[in-house]
Amino acid sequence: MTKINQNSVPSLHIPKAIRYTAKLLEAISPKLATRFAAFLFTTPIKHKIPKREWQMLANSTKERLIIPSLKKEIQMYSYGTGSRNILLVHGWSGRGTQMVKIADAFIEKGFKIISFDAPAHGKSTGRSTLMPEFIESIFEIEKKYGPFEYAIGHSLGGMSLLNVLKQGFPIKKAIIIASGDIIQDIIDDFVLKLHLKPNIGLKLKAYFERKSYGSMESYASHFNADKISIPLLLIHDENDTDVPVKAAYHIHSFISQSELYITNGLGHRKILGDKKVIQKCLDYLN
């Protein structure tokens, strides 16, 4: 009997009722199915905060920050008392305390951690969001809490960091963990999980572009990557079933000052608490 590696099981589990609804709408009207998929794609799941994050939650200085361009408020966390600032950016359906083990390791080295709940995540306002709102939030955070020496992003947070770096975000180095790359690949994977036909993925991308987000592929991690002039460490796991490891190899091929660190058996989220990964991060930035 084959033993299932729990770390390779996709974390995005879509309930049968939602999949059946999507299929029913597709049979009635592809347009309705596309709008339903768009609603799901832009609505993060708010998970209960696990015990391992309680200490960071309790010991952080918490503030609200208004993002004027979005007309939304986000929850900020300042953790530690060091004079060297590191920005942490969580991924989709994550929260500002999710990278607590990484944060704890850097606090011991004299750093101060700044993190946040992205729009529509955690304790921040809003019910829906997309990567452009992560990006707007990062730039607004830099105005009040910067300058930052380094930044670490996970998943969509990593993609968001790569996008701000293309626009000259002023830091010395960055670590990107389990980042996605090509937008159409991400949308197609989501549509596949909904059990919808592939053409819905193309319609979904076009729908977002009509909603004034512009060219969706302009947000792809590799797009304009040659504009990134700082050193990057790209960390990804071979068994990541949420974001295939091919994304890391592809991003790496476009960024001249990037180092690739591939793990095995950690999946998409366990990688954030692995001792070897944390030590690699410490060595790279400290």
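Structural remarks
- The local environment of GLU259, defined by Cβ-Cβ distances under 13 Å, has a net charge of +1 under the rule Lys, Arg +1 and Asp, Glu -1.
- The apolar share of the surface of the chain, taken as the fraction of accessible area on carbon and sulfur atoms (1.4 Å probe, ligands and nucleic acids excluded), comes to 55 percent.
- The residues of segment 41-119 expose, per residue, 46 Å² of accessible area to a 1.4 Å probe.
- Area projected by the alpha carbon convex hull of segment 125-239, averaged over all directions, nm²: 8.4 nm²
- Partners for LYS62 among aspartates and glutamates (Cα-Cα distance below 14 Å; same-chain residues under 8 apart left out): GLU73, ASP117
- Theoretical ellipticity at 222 nm over the chain - DSSP helices of four or more residues, -39500 (n - 2.57) apiece, nearest 500: -11000 deg cm²/dmol
- Counting 0.36 nm for each residue step from GLU238 to LEU40 and taking away their Cα separation leaves a gain of 68.6 nm.
- Tilt relative to the chain, helix 183-193 - C-alpha long axis, 0 to 90 degrees, to 10: 60 degrees
- Cα gyration tensor, segment 20-67 - rounded (a/c under 1.5), prolate or oblate: oblate
- The tail of the calculated P(r) for the chain beyond 30 Å holds 28 percent of all Cα-Cα pairs.
- By the rule of a C-alpha distance below 17 Å, with chain neighbours fewer than 8 residues away ignored, the aspartates and glutamates paired with LYS23 are ASP188, ASP189.
- Gyration tensor (alpha-carbon) shape descriptor, segment 116-173, a/c threshold 1.5: prolate
- Global geometry of segment 174-286, whether rounded, prolate or oblate, following the gyration tensor of its Cα atoms and the 1.5 cut on a/c: oblate
- Reachable aspartates and glutamates, given that their alpha-carbon falls under 20 Å from the alpha-carbon of LYS280 and they are not under 8 places away in the same chain: ASP104, GLU108, GLU149, ASP237, GLU238, ASP240, GLU259
- Once C-alpha pairs closer than 8 Å and six or more residues apart are averaged by separation and normalised to the residue number of segment 1-157, the relative contact order reads 23 percent.
- Across LYS51/LYS270; LYS46/LYS101; LYS16/LYS246; LYS112/LYS144, pairs whose alpha-carbon gap is larger than 18 Å: LYS46/LYS101; LYS16/LYS246
- With protein chains left intact and a 1.4 Å probe, residues in segment 204-286 average 49 Å² of accessible area per residue.
The values are calculated or read from the model by the stated rules, or taken from the named source; none is laboratory data. Since the structure is predicted, the reported quantities are computational estimates derived from the model, not experimental observations. Positions of Cβ are backbone-derived with ideal geometry, glycine not excepted, and every protein chain shown enters the neighbour counts. Heavy atoms of the whole protein, side chains included, go into the accessibility calculation; ligands, DNA and RNA do not. Shrake-Rupley method; radii C 1.70, N 1.55, O 1.52, S 1.80 Å.
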